[in-house]
Amino acid sequence: MGASDWEDLMNGVFGPGGRLRAGAAKPAQSQKPAQDAQQTLQKNQQALSEALARQAEEISRLGGELEHTMQRDGLLTEAEAQAARRTVLTPAQADAFDGLEETLGKSVLGQPEFLKQLVRAFKRPFVLGTAGETARGVLLLHGPAGTGKHTALEAIAREMADRKLLSGPQIAWMDLGLYPGPGQEKLFLQDLYSALNGPGQILVFCHYERCHPGFLNMLAALAQTGKAPLNSRYAVQKGMLVDVGTALVPDAVSQLTPRGKYLVFLSEKGPEKLADRMGAGMVNALSDVCATRPFTEEELSAIAGRGLEQLTEHAARQLKLTVTADEDFKALARRQASPGRGAEPIGEFYDRCFQALAEYKLEKEPAVGAAAALTAPESRALVVVDGGQPEDLLGLLRQEYTGMLDEVDRELENIVGLAEVKDYVLRLKDSVQANQRRAQAGMKTGSVSMHMIFAGNPGTGKTTIARLVGKYLKAIGALRGGQLVEVSRADLVGRYVGHTAPLTNQVIRSALGGVLFIDEAYSLYRGKDDSFGLEAIDTLVKGMEDHRDDLVVILAGYSREMEQFLTANSGLASRFPNKIEFPDYTGEELWRILELNAKGRGYRLAEGCQAPLTECFTRAQAENADENGNGRMARNLLERAILNQSRRLAAEPEAALDELTLGDFALEEAE
């Protein structure tokens with residue numbers, strides 16, 4: 001803050017003459033001038049407090065840079081620096097923690113022990129003292145999904161900021177799953193620098209399980225030693241950390257520090273998993289471990305009741321509707337909770353209810369204060385406004401776009417044969433859509449396993465159907481991308497020790513949001529001595545579990561070999577409940593495939609071709625369907641006919657350019 005800024009601020013509080021502005025107001029017949037002056041004083045006092053806080057942060061930053069320079073030049077030892085930096089709790093700050101746990105309990109239900117641990121964790125640095133830019137505390141918050149970890153963090157940040165224990169309520173969140181490989185190093189460092197130097201004093205790391213090990217080592221150093229050295233030359237340009245290569249810059253950044261923030265690691269897993277990924281030293285560096293537990297039925301009911309209160313208040317304030325709900329509706333909200341997501345779906349259900357009420361308000365324009373009674377007979381959410389007719393509450397929401405479905409349906413229809421396979425795909429679509437409709441109606445849903453095994457001979461349409469499955473699931477909203485990533489053993493298994501897992505994980509990441517199709521999957525398992533193949537399978541199983549809602553895996557191969565493959569890992573068979581057999585094509589079906597392929601390439605088949613070609617296909621399939629290639633045999637025969645036609649046209653210039661004759665197929669050579 002410059003001198004002129006400081007002078008302007010002080011003049012705003014005291015006035016140019018050095019007197020408080022509030023005292024400068026002249027008496028008047030009403031009290032309004034005095035009230036205005038008091039409000040002005042309060043605003044100026046608030047501005048002064050904020051300016052002082054910013055100045056304190058800037059002084060801290062400059063002091064840290066000076067300390068680093070003195071240590072580098074040998075003028076200050078680490079022990080001297082630690083002693084000089086350490087601050088301790090004042091009596092006023094100690095009192096500020098009184099009643100904090102009880103206050104948090106009003107917004108975070110069912111986790112009293114966790115809240116006690118959390119308050120103790122955030123109070124610890126005030127009691128023990130803090131040392132400059134080292135972390136105030138390194139915390140691990142773990143427990144099942146949907147048990148209040150995020151809510152509790154946001155609540156304690158707000159409350160501590162209100163009590164002047166934190167400079168502000170802001171929390172910086174870093175999703176470490178966004179940095180899975182070394183190629184994200186610059187992005188990781190830029191994001192980490194921004195988070196460490198941004199507003200607020202809490203930095204939360206999520207999904208460390210998916211982060212590249214090199215970046216986790218840097219975070220471990222940050223937590224354990226209070227500094228993370230940088231391997232390259234960096235400088236700050238326009239507030240961003242930039243790699244300057246070999247250029248000489250006056251203010252190069254050689255390391256990152258926690259900047260006196262709380263470093264919080266958020267996970268469903270406990271300290272054992274953290275030690276596995278970041279080392280025992282990281283676990284020893286934790287100042288506190290805070291664990292949530294699954295909610296009881298009574299606690300879920302209380303959470304549903306609290307959510308209904310918030311819905312009622314929000315609707316009254318925003319929509320001017322008087323919302324009430326019967327016990328059936330409350331029970332329906334309670335049933336949204338699931339073992340995999342805890343109480344989180346309850347909040348999502350109430351969010352959809354509010355959006356539906358907003359749509360009703362826009363469309364029907366009810367009177368201000370209109371009574372909106374929510375009920376749920378037969379587990380279906382309904383709304384009755386001012387005693388009118390019941391309406392499907394969640395049916396008021398805008399329906400999702402599904403225009404791609406017709407196109408995919410037509411593409412499926414055009415596939416020759418495979419009646420049972422097509423029926424399975426349609427049943428899969430119906431199952432997913434039924435689950436979506438249940439969710440939209442506020443009913444409980446179960447997860448549908450969509451991983452599949454396609455068993456059959458080569459050329460029976462497995463890859464084509466896999467691609468359509470991806471399109472179908474994208475069209476109905478079950479997958480966000482719908483892309484098909486087709487791989488084999490060579491794409492998953494490394495060439496040396498330590499290469500396989502990163503290679504497999506890279507393939508998994510490329511398929512997220514879509515379908516991972518592994519052809520000849522049985523080749524991954526070549527016996528118990530195939531350590532590389534077994535590592536690829538183990539990594540695949542883990543990836544399927546980590547991304548169970550964002551990835552469909554389809555394994556393809558011969559029926560007998562696939563049965564043997566499923567014994568390679570105890571978790572394989574249970575993760576692939578859907579096995580679809582692809583039968584060999586008949587002679588008639590191969591004729592139709594040939595005809596469709598020819599038409600698609602601008603050719604027509606001469607009269608007299610159908611019977612001989614169908615008979616040829618039938619005979620070939622009967623003799624050796626396993627090795628003929630099925631649909632590939634038809635395509636290969638068409639390629640030969642087109643080549644032979646070009647030779648014939650050279651000798652017969654007047655012949656039709658788009659016609660393929662029986663002689664072009666040279667069936668005697670094919671046999």
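Here is a yes/no grid of residues against (1) β-branched (Val, Ile, Thr); (2) outside any helix (DSSP H, G or I); (3) buried (at least 18 other Cβ atoms within 10 Å of the Cβ):
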{"position": "Leu139", "(1), (2), (3)": "no, yes, yes"}
{"position": "Gly146", "(1), (2), (3)": "no, yes, yes"}
{"position": "Thr151", "(1), (2), (3)": "yes, no, yes"}
{"position": "Ile156", "(1), (2), (3)": "yes, no, yes"}
{"position": "Glu159", "(1), (2), (3)": "no, no, yes"}
{"position": "Lys164", "(1), (2), (3)": "no, yes, no"}
{"position": "Gly168", "(1), (2), (3)": "no, yes, no"}
{"position": "Ala172", "(1), (2), (3)": "no, yes, yes"}
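Each residue in the stretch 160-187 was checked for being more than 16 Å from Leu203 (Cβ to Cβ) and touching a residue at least 60 places away in the same chain (Cβ under 8 Å), and 5 of them qualify. Among the residues of the stretch 210-229, those that are in contact with a strand residue (DSSP E or B) (Cβ under 6 Å, 6 or more places away or on another chain) and of a type in the set (A, V, I, L, M) comprise Met218, Ala221, Leu222, Ala223, Ala228. Mind checking whether some residue in the stretch 388-398 is more than 31 Å from the chain's Cα centre (by Cα), farther than 25 Å from Gly305 by Cβ and in a loop (DSSP other than H, G, I, E, B)? Yes: the stretch 388-398 contains one or more residues that are more than 31 Å from the chain's Cα centre (by Cα), farther than 25 Å from Gly305 by Cβ and in a loop (DSSP other than H, G, I, E, B). Taking the stated definitions as given, is Glu209 buried (at least 17 other Cβ atoms within 10 Å of the Cβ), within 30 Å of Thr539 (Cα to Cα) and not assigned by TED's automatic domain parsing to the domain that holds Ala47? In short, yes.
What about Lys542, is it free of Cβ contacts under 8 Å to residues at least 12 places away in the same chain and within 15 Å of Ile508 (Cα to Cα)? So Lys542 fits the description; yes. Could you check the stretch 345-381 and list, in sequence order, the residues that are aliphatic (A, V, I, L, M), farther than 16 Å from Phe329 by Cα and either in a loop (DSSP other than H, G, I, E, B) or assigned by TED's automatic domain parsing to the domain that holds Pro144 (or both)? Matches in the stretch 345-381: Ala367, Val368. When we screen Asp658, Asp664 for residues that are in the same structural domain as Trp591 (by TED's automatic domain parsing), at pLDDT 85 or above and more than 54 Å from the chain's Cα centre (by Cα), the only hit is Asp664. Of the helices (runs of 4 or more DSSP H) lying entirely inside the stretch 621-671, those containing at least 1 residues that are in contact with a helix residue (DSSP H, G or I) (Cβ under 8 Å, 6 or more places away or on another chain), without any contact (Cβ under 8 Å) to a residue 24 or more places away in the chain and among the basic types (Lys, Arg) span 631-651. Taking the conditions exactly as written (free of Cβ contacts under 8 Å to residues at least 60 places away in the same chain and not charged (D, E, K, R)), does Val138 satisfy them or not? In short, no.
The values are calculated or read from the model by the stated rules, or taken from the named source; none is laboratory data. Please read these numbers as outputs of a predicted model, since none were measured by experiment. All Cβ positions, glycine included, derive from the backbone under ideal geometry; neighbour counts span all protein chains shown.
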